[in-house]
Amino acid sequence: MKVIEYLSQLDRRIVYLVLAFAVMLPLIIPSVQRVRVMTPVAKLFNAVDAIPDDRILMIDFDYDPQTLPEMEPMGIALLRHAFQKRIRVAALSLYVQPLGLAKRALDQVTEEFNQRATSYADSVIYGRDYVFLGWQPPPIVPLLGMGISITSVYTRDYYGYRTDSLPMMRRVRNFNDVGILVSLSGATAPLWWVAYSQTRFGVAVGAGITAVSASEFYQYYQTGQFSGLMIGMKGAAEYEELVETKLMLVDRRKASEALGSLTAAHLTMIAFIIIGNVGYFVRRRSRKGVVK
Amino acid sequence: MKRRFPLLLVFIFGIMGIIPYYIPHAAYQNFDNGLRNDFLRILSAFAIILGLVSLMRVHHDKIKRKRENWQFSYVLIIGFVVSGIIGLLGGVEGELFLPTRIAGFQFDIQTLYLNIIVPLGSTMFALLAFFMASASYRAFRARSLESSLLLGAAFIIMIGVLPLADRISTHLPSFAQWVMDIPNVAAKRGITFGIALGGIATSLKIILGIERSWLGGKE
Amino acid sequence: MNITHDPWVWISGLLTICILSFLYRDNPFYKFAEHLFVGVANGYFLTFTVHRVLIPNLFSPLFNEGRLFFILPFMVGMLYVMRFITRVSWLVRIPIAVTIGYYTGAVIPATVQADIIRQIQGTILTPSNFQAWNAGSNGILWSVILFIGVVCTLSYFYFSREHKGVLGVTSRIGIIFIMIGFGAAFGYTVMARVSLLIGRFQFILGPWLGIIE
């Protein structure tokens, strides 16, 4: 009993230390865990896979450093999928903070593919295979404006080039030329794409979201407003699994590498909650015994 | 005049925000697009500039009046000025006339972003994991049926999302998925209806001038 | 262990430690890092606002292309500055009114369509909703449970009458659904927060200290 009471009243810094070790140790002994792919992620993968040749994948990079570990693996897996299948990509952000992270993801995946490429045709070329449109405030400008004309909203891309001079953009006019728009966001951006762009222009929307938003977003997935859903680090790991198994593309899987730590951390949290509750009930019972 | 004119503007532009949804005619859609691209976009940029200037004023005031932790306001202002100069004069990609590389050491705005903003932003939110662990440990108690349900659902999800769940039972991940698909959606949808109706009511009140708190000030 | 020699990785690592030091207690290192973050982030914001918004969309059309129309948004935008001049500070209401007016107008049909009509369509008991679950005859059961859950949740938030009788029963069922929903949200929130921590440790142990690949 004394042990339980002691364990249920630990100093918070001990709790922090235990959690830190639970997270660190599986990282030091690395392993890539395979995951079962659930239906929401599979639907998103299939939706991206089914984009016809004359349409593009639009990716809204709307995660900032605060949600980076969950979201960046999603973005990278999505780009690998698109480039492997030669699907043209238009990337953008509704806010300014994600721009640097979007650029980093695009640069990383482009370099991966170009290192493997054996010819110009195989390579991933800016302007031909992908464009980075950048940022234009306020969010309602691209949300509604791209239904009329993408180049009127993004007259210049992230790098300052005129968008109507880019080869890819000559054949992409508005949302009618977008196969699916996938919004990777730590906040409510996917809901805005659904509420504004989808209701007005009918563009298909998929979402990669932080796990905090998961319970709120499921209702939109259930109605079909989201064609598919990736949730948190687990969702990213599932998409990485699909990219590797269905496209035979083997590359570093950052989300999958973290699943060992995720497991250890979750079990630690559950243990702490159980210990806290056991201690609470033990103390409550002993107080009732004293009162009697 | 000082209040009536803005209220009239809010009404006119409110109607202009609603109408395009119901008039698919190309002429009006192009006008609406032009309104957003050529007008609202520029207003929002000036609003951003206003926000930045206000921030500098607040911290300048803090230094002048030597308020608590005033010394750190220097850090903020210097950080802003230095990164602003590097960005404005060096360009988004370091392509303008300010050199952003000295003896192999790069300091363009993208480098500052990746090595200052990203680690700081990420770590601030990473602290939440510790606070959540400590708070759950201290305060999350199954005192009643409702809190037990909450705890139970939390445990199902926390275990169900792990690769480990498959090894415990092949039905566990599917059950966790079911919890998200049905009871969770039911609860959140009911809440969403309330929020949506409240949002629409508030928007209408603003457009019709019933809600005037955004005007601020006394005159 | 293969500690990096890249100065920027060291700067990132030390700033990370400054923030983590808050776990012990609030201290000057944390405050320094916090203020630095706000300052540099705003400098980044300013850079893109000027280079990618104001220059290509206002100054270039106005001064390079001679499109005088842009004087109008320029003048209205400058009204924001009036906020700092007490006698004419009311003029800041004009650009605010334009912005708020348009946004609140645009949000109404969007919300009605996405958050009300489509959500009702997803809740009502129709054959297409039964089939959408891909669960055979169970689809009817899941749809019925969903329908009951939504109605009962709404009844819980109806506070104009006392929760007695039928309303008492439905609101009690509603609270059960709400608690399950919040529990699920908590479970996922734990995953989210832990993921952020994992990301930071991946950086500390990887690029900085070189302990992991």
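Throughout, read-outs are computed from the coordinates displayed, never taken from laboratory work. Bear in mind the structure is a predicted one, so any value in this text is a computation, not a measurement. Glycine gets a Cβ as well: all are built from the backbone with ideal geometry, and neighbour counts include every protein chain shown.
The overall shape of region C:1-142, judged from the alpha-carbon gyration tensor, is oblate: a/c is not under 1.5, and a/b is no greater than b/c.
Over the residues of chain C, the helix contribution to mean residue ellipticity at 222 nm works out to -20500 deg cm²/dmol, using -39500 (n - 2.57) for each DSSP H run of at least 4. Rounded to the nearest 20 debye, the dipole size of chain A about its Cα centre is 1180 debye, using +1 on the Cβ of Lys and Arg and -1 on the Cβ of Asp and Glu. Here the Karplus curve 6.51 cos²θ - 1.76 cosθ + 1.60, taken at θ = phi - 60°, turns the phi angles of region C:200-207 into couplings of 5, 5, 4, 6, 4, 7, x, x Hz, with x standing for Gly and Pro. Beyond 24 Å, the tail of the calculated P(r) for region A:117-225 holds 32 percent of the Cα pairs. The aspartates and glutamates whose alpha-carbon is closer than 20 Å to the alpha-carbon of A:Lys246, local same-chain residues fewer than 8 away aside, are A:Asp49, A:Asp53, A:Glu112, A:Asp122, A:Glu238, A:Glu257. In region A:1-56, taking the dipole from charged Cβ atoms about the Cα centre, the farthest positive-side position among A:Tyr6, A:Asn46, A:Gln33 is held by A:Tyr6. Across all C-alpha atoms in the protein assembly as shown, the radius of gyration and Dmax reach 26.5, 90 Å. Toward the positive end of the charge dipole of region B:1-76, with +1 on the Cβ of Lys and Arg and -1 on the Cβ of Asp and Glu, the farthest Cα among B:Phe72, B:His25, B:Leu9 is that of B:Phe72. Near A:Gly208, the amide H atoms lying under 5 Å from its own belong to A:Ser183, A:Leu184, A:Ser185, A:Met230; only residues 5 or more places off or on other chains count, and H is placed 1.01 Å from N. Per residue, the Cα convex hull of region B:141-219 amounts to 178 Å³. A Förster distance of 22 Å, applied to the separation of the beta-carbon atoms of B:Phe31 and C:Phe59, puts the FRET efficiency at 0.40.
Looking at region A:65-143, which trypsin sites (Lys or Arg not before Pro) are in a loop (DSSP not H, G, I, E or B) and have at most 11 other Cβ atoms within 10 Å? In loop regions of region A:65-143 (DSSP not H, G, I, E or B), the sparsely surrounded trypsin sites (Lys or Arg not before Pro) are A:Arg86.
Just to verify a number: FRET efficiency for A:Asp107 and C:Ile211, C-beta to C-beta distance, R0 = 30 Å, to 0.05? After rounding, the FRET efficiency stands at 0.70. Applying a DSSP loop filter and a limit of 16 other Cβ atoms within 10 Å to the chymotrypsin sites (Phe, Trp or Tyr not before Pro) in region B:44-121 leaves B:Trp70, B:Phe97.
Neighbours of C:Pro207, meaning other residues whose beta-carbon lies under 11 angstrom from its beta-carbon, give a summed charge of -2 when Lys and Arg score +1 and Asp and Glu score -1. Note on C:Asn134 and C:Ser89: the extension gain reaches 10.2 nm, defined as 0.36 nm multiplied by sequence separation minus the Cα-Cα distance. With neighbour counts taken as other beta-carbon atoms within 10 Å, the residues A:Asp251, B:Asp181, C:Asp26 rank, fewest first, as C:Asp26, A:Asp251, B:Asp181. By the count of other C-beta atoms within 10 Å, a proxy for reagent exposure, C:Phe182, B:Phe131 are ordered fewest to most as B:Phe131, C:Phe182. Note on region C:75-148: Cα-Cα pairs beyond 16 Å make up 66% of the total pair count.
Dividing the summed helix terms, -39500 (n - 2.57) for each DSSP H run of n ≥ 4, by the number of residues in chain A produces a 222 nm estimate of -15500 deg cm²/dmol to the nearest 500. Each Lys and Arg contributes +1 and each Asp and Glu -1, all at the Cβ; summed about the Cα centre of the protein assembly as shown, the dipole is approximately 2580 debye.
Rounded to the nearest Hz, the phi-derived 3J(HN,Hα) couplings of region A:50-63 under the Karplus curve 6.51 cos²θ - 1.76 cosθ + 1.60 (θ = phi - 60°) are 8, 5, x, 4, 8, 10, 10, 9, 9, 10, 9, 7, 10, 9, where x marks glycine and proline.
From the Cα gyration tensor of region B:68-139, with a ≥ b ≥ c the square roots of its eigenvalues, which class applies: rounded if a/c is under 1.5, or else prolate if a/b is larger than b/c, or else oblate? Prolate. The base-10 log of I(q)/I(0) for region C:79-208, evaluated at q = 0.13, 0.18, 0.21, 0.23 Å⁻¹, reads -0.89, -1.04, -1.19, -1.26 [Debye formula, identical scatterers on Cα atoms, solvent excluded]. Computed over chain A, the range of Cα coordinates on each principal axis works out to 82, 42, 32 Å, biggest value leading. Between the alpha-carbon centres of region C:81-100 and region A:233-292 there is a gap of 51 Å. Close amide H partners of A:Val178, meaning residues 5 or more places away or on another chain with modelled amide H under 5 Å apart, are A:Ile56. Per-residue Karplus couplings for region B:61-66, computed as 6.51 cos²θ - 1.76 cosθ + 1.60 with θ equal to phi - 60°, are listed in order as 5, 4, 5, 4, 8, 6 Hz, Gly and Pro entered as x.
Centre-to-centre, using Cα atoms only, region B:24-40 and region C:156-213 are separated by 41 Å. Projecting the Cα atoms of A:Ile274, A:Trp135, A:Pro167 onto the charge dipole of chain A, computed from C-beta unit charges around the Cα centre, puts A:Ile274 farthest toward the positive end.
Dipole size of region B:1-62 about its Cα centre, with +1 on Lys/Arg Cβ and -1 on Asp/Glu Cβ: approximately 320 debye, rounded to the nearest 20. Which residues does a label at B:Leu197 reach in region C:145-169, if reach means a backbone N under 13 Å from a point 7 Å past the Cα toward the Cβ? So the set is C:151-161. In straight-distance terms, cross-link reach from C:Lys164 covers every one of the lysines whose alpha-carbon lies under 24 Å from its own, apart from those fewer than eight places away in the same chain; here that gives B:Lys188. The overall shape of region B:1-62 is oblate: from the C-alpha gyration tensor, with semi-axes ordered a ≥ b ≥ c, the ratio a/c is 1.5 or greater and a/b is no larger than b/c. Across all directions, the average projected area of the convex hull around the alpha carbons of chain B is 23.5 nm².
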